[in-house]
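See below for the structure under consideration.
The values are calculated or read from the model by the stated rules, or taken from the named source; none is laboratory data. Because the structure is a prediction, the values reported are computed rather than measured. Reconstructed Cβ throughout: ideal geometry from the backbone, glycine too, with neighbour counts over all protein chains shown. These accessible areas exclude ligands, DNA and RNA; they are computed on the full protein's heavy atoms, side chains included. Shrake-Rupley method; radii C 1.70, N 1.55, O 1.52, S 1.80 Å.
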Amino acid sequence: MKKLTVLPLLLLSLAAHADEREWVPYKKLVEDLRFDKFYAIPAAERDKVNLYLTVKPNNKNYKPSDVVLTVVHGSERAPLPALTPDFRMAFVPNAKWMSEDSKVMTSLPKGEKSEVGYDATTPLPDGLQWQYAPVMGSVQQMNQVIKKMAGALSMFAPSAKAVVFKFNHPAQLKVGGTVYNTDGKNQIRLKPDTALLKENPLIVASEHPYEAELD
């Protein structure tokens, strides 16, 4: 009886993954985007940076939930984290999957291409008041991280310029004696100021941003 029930279960399992196709070797995904280099940096030197993998289909009709990525390693199958509404994924390399035979499968049909990269944010303390230097110093730390990730190619690497504070509603940030108002997207973009980094005044927010993206 056990042998009779194995085959139908196997067929059901294969049917469930029939629409998948091979997307990229896992090792190539990690190394091309240099996520291994990022996590090799001491934690204290990247504590102001949250790095996310982004997978954005060129076909704008696809939603994040349409993009399902699964790692196949031998007989093991492991889904990667679901994409957020911003097409982001918290991605930490798994050393066990860095062998040549580990593949990332995608649910997108053959011929559908995606733009793959990364976004970075900086963690904000709770509350509505934060010291300027720890928050805005994230731009400098991000640039140091980029150099270490890029290695010999660092001269060609992009650089972070500002912190973009994103709100759900019109809001304000007060930095010392200066007040900044959100734009039409409910965002405030601040570039780090050398004098303010030394002075380290308070940043006071009218409401807590839902995100502070490194731009």
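Count charges around Arg88 for me, please; just the other residues with Cβ under 14 Å from its Cβ, Lys/Arg as +1, Asp/Glu as -1.
Values: positive: Lys56, Lys63, Lys166; negative: Asp86, Glu115, Asp119, Glu211, Glu213.
With Lys, Arg at +1 and Asp, Glu at -1, the neighbours total -2.
Which whole-number value in Å² is the accessible area per residue of the range 28-148, probe 1.4 Å? Display every interim value, and only then the final one.
Numbers: 6410 Å² over 121 residues.
Per-residue accessible area for the range 28-148 comes out at 53 Å².
In a simple Cβ point-charge model (Lys, Arg +1; Asp, Glu -1; nothing else charged), the chain has a dipole of about 300 debye relative to its Cα centre. Solvent-accessible area assigned to carbon and sulfur over the range 122-214 amounts to 52 percent, based on a 1.4 Å probe. Separation of the alpha carbons by more than 24 angstrom is noted, of Lys27/Lys148; Lys48/Lys113; Lys63/Lys113; Lys60/Lys185; Lys103/Lys147, for Lys48/Lys113; Lys103/Lys147.
Taking the Cα centre of the range 81-176 as origin and assigning +1 to Lys and Arg Cβ atoms and -1 to Asp and Glu Cβ atoms, the resulting dipole is close to 180 debye. For the chain, a Gaussian network of Cα nodes joined below 10 Å ranks Leu197, Leu153, Leu83 by mean-square fluctuation, and the top entry is Leu153.
Compute the projected area of the convex hull of the Cα atoms of the range 21-120, averaged over all viewing directions, and report it in nm² to one decimal place. Kindly include the intermediate steps, with their values, before the conclusion.
Working: hull surface 26.0 nm².
Averaged projected hull area, Cα only: 6.5 nm².
With R₀ fixed at 22 Å, the C-beta to C-beta distance from Lys60 to Glu22 puts the FRET efficiency at about 0.40.
Given +1 on the Cβ of Lys and Arg, -1 on the Cβ of Asp and Glu, and no further charges, what dipole in debye does the range 122-214 carry about its Cα centre, rounded to the nearest 20? Could the numbers behind the result be given before it?
On the way: 9 positive and 7 negative charges, 66 e Å.
My answer is approximately 320 debye.
The largest-to-smallest principal axis extents of the Cα set in the range 103-215 are 54, 36, 23 Å. The mean sequence distance of close C-alpha pairs (under 8 Å, at least 6 residues apart), as a share of the length of the chain, puts its relative contact order at 23 percent. Over the chain, the pair-distance histogram of Cα-Cα distances with 10 Å bins from zero comes to 7, 27, 28, 21, 11, 4, 2, 0 percent, rounded to whole numbers.
Placing a label point 7 Å from the Cα of Gln187 along the Cα-to-Cβ direction, the residues of the range 124-146 whose backbone N falls under 17 Å of that point are 139.
For the chain, leaving out every one of the trypsin sites (Lys or Arg not before Pro) that falls in a DSSP loop and has at most 16 other Cβ atoms within 10 Å, the longest unbroken run is 1-59.
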